[in-house]
Amino acid sequence: MIENNDMQLVRDENGLALVADGQTLRGDFTKMIPRIKQGAISKELLARAAKIKDAEKPLVALDATAGLGEDSLILAAAGFQVKLFERNPVIHQLLEDALKRAADIPELSDIVARMELKHGDSVEAMKNLDFTPDVILLDPMFPERQKSALVKKKLQVIQKLEIPCADEAEMILTAMAAKPKKLIVKRPPKGPYLAGLKPDFSIEGKAVRFDGFASPYERLEKFRASVK
Ligand SMILES: C[S@@+](CC[C@H](N)C(=O)[O-])C[C@H]1O[C@@H](n2cnc3c(N)ncnc32)[C@H](O)[C@@H]1O
């Protein structure tokens, strides 16, 4: 299927891929297998940030910005049931295909069985959820990523499709209003806080930072008043 002059969605023996500027973008969970093994998963920054002590199981996470689903896979490997929302139709198709392929891979099948992908705008969906997520993850495209010379090739292709988050404030306040026990926001290490809202904690690695808010709904009006 041809999307436009620069990009093509193609299916080959390895599944669905987006080809653009000589680069191929494909959802691929197999490269994540070393990171989700027992012993490795608890060291993942996202698994640490999302951990909820003494909670009733099964915990439910909502990934409001699924992309190619790698963060969701970490959450699912950490034991969460994960509801993934992706609004871009091409990225949604790539992720759907990657999930289907992973279902046939023994190291991944039980984990992806806990991942439920939906096509649509999570900001709209979060206004009318029929469940209360324990954790919500936000990873909207960071506008400055577009300018970085160090940006990974995969991201260069994905950025041709993605629209930078137009309303960070609406996204984070809507997520808070959905009453998660924890709200996690993924940011570049030195990047500003999403909508300027100071988190309760941050876990920072070399390439990424996770900002966390505990029970943010309880302080929603205070956050609403201090968005930038
Ligand atoms: C930076 S990527 C996320 C990468 C993802 N965390 C991963 O591990 O692959 C952001 C993704 O969120 C999607 N997105 C942004 N805003 C959204 C919204 N309101 N609803 C659904 N998807 C959204 C974009 O289309 C894009 O695919």
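Just so it is clear, none of the values below were taken in a lab; they were calculated from the coordinates. None of these values were measured; they are calculated from a predicted model. Here the Cβ positions follow ideal geometry from the backbone for every residue, glycine too, while neighbour counts run over all protein chains shown.
Normalized C-alpha radius of gyration of the chain, against 2.2 N^0.38 Å? Mind showing how you got there, number by number?
On the way: Rg = 17.1 Å, N = 228, 2.2 N^0.38 = 17.3 Å.
In units of the 2.2 N^0.38 Å rule of thumb, it is 0.99.
Rounded if a/c is under 1.5, else prolate if a/b beats b/c, else oblate: with a ≥ b ≥ c from the C-alpha gyration tensor eigenvalues square-rooted, which is the range 14-139? Oblate is the answer for the range 14-139, as a/c is 1.5 or above yet b/c matches or exceeds a/b.
Please report the relative contact order for the chain, taking Cα pairs under 8 Å with a sequence separation of at least 6, and give it as a percent rounded to a whole number. Kindly include the intermediate steps, with their values, before the conclusion.
Numbers: 393 pairs, mean separation 40.0, N = 228.
Computed over the chain, the figure is 18 percent.
Estimate the FRET efficiency between Asp12 and Glu124 by the formula 1/(1 + (r/R0)^6), using the beta-carbon distance for r and 25 Å for R0, to the nearest 0.05. Given R0 = 25 Å and the Cβ-Cβ separation, E is 0.15. Placing unit charges on the Cβ atoms of the charged side chains and taking the dipole of the chain about its Cα centre, the candidate lying farthest along the positive direction among Ile36, Tyr193, Val112 is Tyr193. Using θ = phi - 60° in the Karplus curve 6.51 cos²θ - 1.76 cosθ + 1.60, the 3J(HN,Hα) couplings for the range 68-80 round to 9, x, 5, 5, 4, 4, 4, 5, 5, 5, 7, x, 6 Hz; x is entered for Gly and Pro. Taking 0.36 nm per residue of separation and subtracting the Cα-Cα distance, full extension of the segment from Lys198 to Asp110 would add 28.1 nm. Applying the Karplus relation 6.51 cos²θ - 1.76 cosθ + 1.60 with θ = phi - 60° to the range 179-184 yields 3J(HN,Hα) values of 6, x, 5, 9, 10, 10 Hz, where x marks Gly and Pro. Taking amide H positions as modeled 1.01 Å from N, with prolines and chain starts lacking one, the residues under 5 Å from Met115 and 5 or more places away or on another chain are Val82.
Lysine pair count for the range 185-228 (Cα-Cα distance under 14 Å; residues 8 or more apart in sequence or on different chains): 6.
Cut-off is 10 Å between beta-carbons; in what order do Phe223, Phe142 appear when sorted fewest neighbours first? Before the final figure, lay out the partial values.
Values: Phe223 21, Phe142 17.
Going from sparsest to densest Cβ surroundings: Phe142, Phe223.
Could you work out how far the C-alpha centroid of the range 100-123 sits from that of the range 13-42, in angstrom? Measuring centre to centre over Cα atoms gives 13 Å.
For the range 172-213, what Kirkwood radius comes out of the mean inverse Cα-Cα distance, in Å? Spell out each step's value before the answer.
Working: mean 1/r = 0.0946 Å⁻¹.
Computed over Cα pairs of the range 172-213, the Kirkwood hydrodynamic radius comes out at 10.6 Å.
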